[in-house]
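S.K.: Handing you a structure now.
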């Protein structure tokens, strides 16, 4: 007579084996449904994008080019005015900065008669007078210690009756 316990274990293995193909079939059907749903969704999305694109093309064709060109000219005029104002503002602030640097680097016994300022280049040409050669030497020392002066040059030094006349060229550092 056959052993009944062995027959029961064979039946359990067959039941477990029969569940695996069903699981894969279920997963395949789910993936198929998701794929079909994605394709349909992308199809309708493509259709809506195409409609939007055609509406944009129609809007572009309906733009009045005469009004647009006048507005572009108006914007160009405004841009030109803004660039002029920006340049003027920059030059004004540069001149204020240069004048404040010059004010802090003048020895009390040195006087300047003429000044030529180029704000774009950051240069100053000065004609001055010092009460004595020692005062001119102290002025040169002030220039050399200043952190705002990139370079300086003293020219045309001449002794006159009341002191020393000279010309100075200063280049201001850009900040």
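S.K.: Can you give the extra length, in nm with one decimal, that the chain gains between residue 173 and residue 39 once fully stretched, where that is 0.36 nm per residue apart less the Cα-Cα distance?
M.R.: On the way: separation 134, 0.36 × 134 = 48.24 nm, distance 6.59 nm.
Result for the pair: 41.7 nm of gain on full extension.
S.K.: Can you compute the modelled spin-label distance between residue 96 and residue 123, with each label point 7 Å from Cα toward Cβ, in nm?
M.R.: 2.6 nm
S.K.: Evaluate the distance, in nm, between pseudo-label points positioned 7 Å from the Cα of residue 156 and of residue 46 along their respective Cα→Cβ axes.
M.R.: With each label point 7 Å from Cα toward Cβ, the separation is 8.2 nm.
Bear in mind these aren't lab numbers, they're just calculated from the coordinates by the rules spelled out. Remember, predicted model here, so these are calculated numbers, not experimental data. Virtual Cβ from ideal backbone geometry, glycine too; neighbours counted across all protein chains shown.
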